[in-house]
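The values are calculated or read from the model by the stated rules, or taken from the named source; none is laboratory data. Not measured: the values here are computed from a predicted model. Glycine gets a Cβ as well: all are built from the backbone with ideal geometry, and neighbour counts include every protein chain shown. Protein only, heavy atoms only, side chains kept; ligands, DNA and RNA dropped before computing areas. Shrake-Rupley method; radii C 1.70, N 1.55, O 1.52, S 1.80 Å.
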Amino acid sequence: MAYKYFPHTEKDIATMLERIGISSLKELYADVPDSIMFKGEYNIDEAKSEIEIRNYFKQLCEKNKLLTVFAGAGSYDHYTPAVIPSIISRSEYLTSYTPYQAEVSQGTLHYIFEYQSMMAELTGMDISNASMYDGSTATAEAVLMAKASTKKTDKVLVSSTIDPKILNVVRTYAHFHGIEIKMISQKDGVTDKADMDALLAEGGVAGVVVQQPNYYGIIEDYSGYAESCHSSKALFIMNSIAADLALLKTPGEWGADIAVGDGQSLGIPMSFGGPSVGYMCCTEKLMRKMPGRIVGKTVDSNGQRAFVLTLQAREQHIRRQKATSNICSNESLMALFVTIYMSLMGKEGVKEAAQLSYSGAHYLCEKLIATGHFSLAYDQPFFNEFCVKYDGDIDKLQKHFIKNGFLGGVKVSDDTLMFAVTEKRTKEEIDSFVKTAKEATL
């Protein structure tokens, strides 16, 4: 063969074509209308050697402009300990992707067990599954759980202070499962509890979804929310950025039935938007309604510690129409990533990173307001992210930030920007950022 790494020889291809009764690969596309078939030449270079490929991608990489990040909105520039990429490549973890055979999957099962233990402790909940794709899909799956766990209900209430990206995914899931999504109004950047209570009083509500901190970075007071939900036989679902729970009151402490969110903040690089990992934790009562798998610890025939798949909804494999979810897989590599991150950082390290993020955000906020060109959009407590109104052209300001090496916030509206700070941002970087903001107004 001219290309020895291609999986199929010409003979292999001819044999397969003969088996299915056609004479050429082109016939596989016989049903595709000729009018939409591409007839030009593909813009693909000739084959290259390894060094040519490396040089090519090096040149592409050099076109990137690395910016100092002061933006968040769900993805945050946290520190990644250098040892993590090395550890996740070790052979102990390179076992079967789906760990059905415990005999050959102890490495995978072990770290999933540790992941579940850490996430349950971080959220203050009883049970954690073996991870989800990301925070948005985890939230959508929680909505489906709520419907499955309550009787004769097809309505879920969602706070207007939730991240719009999460809401879009929830709406998509809900549409195809016959669930009505009703929005709870907001007042001064926080959920309007009176409106929630009024909607609950109408009846037929399966669950209520809120976010902590919310989309605007505000730390909301959810006192009494769980009680209101439970008195109406609805589940209380809370979405949170994982790292923030190191300092904030946990979903379990708020009385949540289901805790979901994104784990990217636990050291996973931003990587132009992914991959990430979603977590899902719940009360023991809801364990059998939870999608995905749960790994447990036991002993083998020799009395040695072993890990097994304790619970999985078998319908995901053989009775898909009755499945708790058809996402029966997970972001297992990223679950391993955050497990190692939390192990390395320890409880105090995760808390310290969260405290530095909090302190840095409040310092930046004070400095921006002191310029006279920014004002707080909401007079509410915030964590490491906040919204400010700007008295100039936001688009022009953001271009000025990029020109000077900064990714300057997320545009929330025509006059409002949202900034985020993590433990990676130094005082010198924050001061330089504020100086750049002042220069934009000159």
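Oblate is the label for segment 124-167, because a/c, from the alpha-carbon gyration tensor with a ≥ b ≥ c as root eigenvalues, is 1.5 or above and a/b does not exceed b/c. Helix screen, the chain: DSSP H segments with Cα axial length of 30 Å or more and mean Kyte-Doolittle hydropathy at least 0.5 are 332-370. Sorting V205, V83, V190 by solvent-accessible area of protein heavy atoms yields V83, V190, V205, largest first, with a 1.4 Å probe. Orientation-averaged projection of the chain equals 28.6 nm² [convex hull of Cα atoms, one quarter of hull surface area]. The calculated FRET efficiency for the pair S89 and D188, based on their C-beta separation and a Förster distance of 51 Å, comes to about 0.60. Taken per residue, the accessible surface of the chain reaches 53 Å², heavy atoms only and a 1.4 Å probe. Once the chain from T310 to D221 is taken as fully extended at 0.36 nm per residue, the excess over their C-alpha distance is 28.4 nm. What aspartates and glutamates sit close enough to K249 to cross-link, taking a C-alpha to C-alpha distance under 14 Å and skipping anything fewer than 8 places away on the same chain? List returned: E121, E220, D221.
With contacts taken as Cα pairs under 8 Å and at least 6 residues apart, segment 255-310 reaches a relative contact order of 27 percent. Residue order by solvent-accessible surface for E180, E18 is E18, E180, largest first, with ligands and nucleic acids left out and a 1.4 Å probe.
In the assembled protein chains, K193 presents an accessible area of approximately 60 Å² (probe radius 1.4 Å). Within straight cross-link reach of K389, meaning Cα distance under 13 Å, which aspartates and glutamates are found once same-chain residues fewer than 8 apart are removed? Straight-line reach from K389, under 13 Å: D379, D414, D415. FRET efficiency for the N168 to F272 pair, using the beta carbon distance and R₀ = 22 Å, is estimated at 0.70. With the whole protein complex present, D415 retains an accessible surface near 60 Å², based on a 1.4 Å probe.
In the structure shown, the pairs K297/K347; K233/K411; K151/K193; K155/K351; K26/K63; K63/K399 are assessed against 27 Å; a Cα-Cα span above that value is assigned to K233/K411; K155/K351; K26/K63.
A dipole drawn for the chain from +1 and -1 charges on Cβ atoms has a positive end, and of F113, A140, S359 the residue lying farthest that way is F113.
In the chain, Cα pairs under 8 Å separated by at least six residues give a relative contact order of 20 percent.
Rounded to 0.05, the FRET efficiency of the L333 and K233 pair, given R0 = 35 Å and the Cβ-Cβ distance, is 0.35.
What shape does segment 251-308 have by the C-alpha gyration tensor, where a ≥ b ≥ c are the square roots of the eigenvalues, rounded means a/c under 1.5, and otherwise prolate means a/b greater than b/c and oblate the rest? Oblate, since a/c reaches 1.5 and b/c is not below a/b. Using alpha carbon centroids, what distance separates segment 185-243 and segment 53-77, in Å? Here the two parts' Cα centres lie 37 Å apart. The packing ranking of peptides 115-122, 285-292, highest mean first, is 115-122, 285-292, where packing means the average number of other beta carbon atoms within 10 angstrom of each residue.
The charge dipole of the chain, taken about its Cα centre with unit charges on the Cβ atoms of Lys, Arg (+1), Asp and Glu (-1) only, comes to about 700 debye.
How many percent of the accessible area of the chain is carbon or sulfur, using a 1.4 Å probe? Carbon-and-sulfur percentage of accessible area, whole number: 53. At full extension, N64 and D395 could sit 117.1 nm farther apart than now, given 0.36 nm per residue minus the alpha carbon distance.
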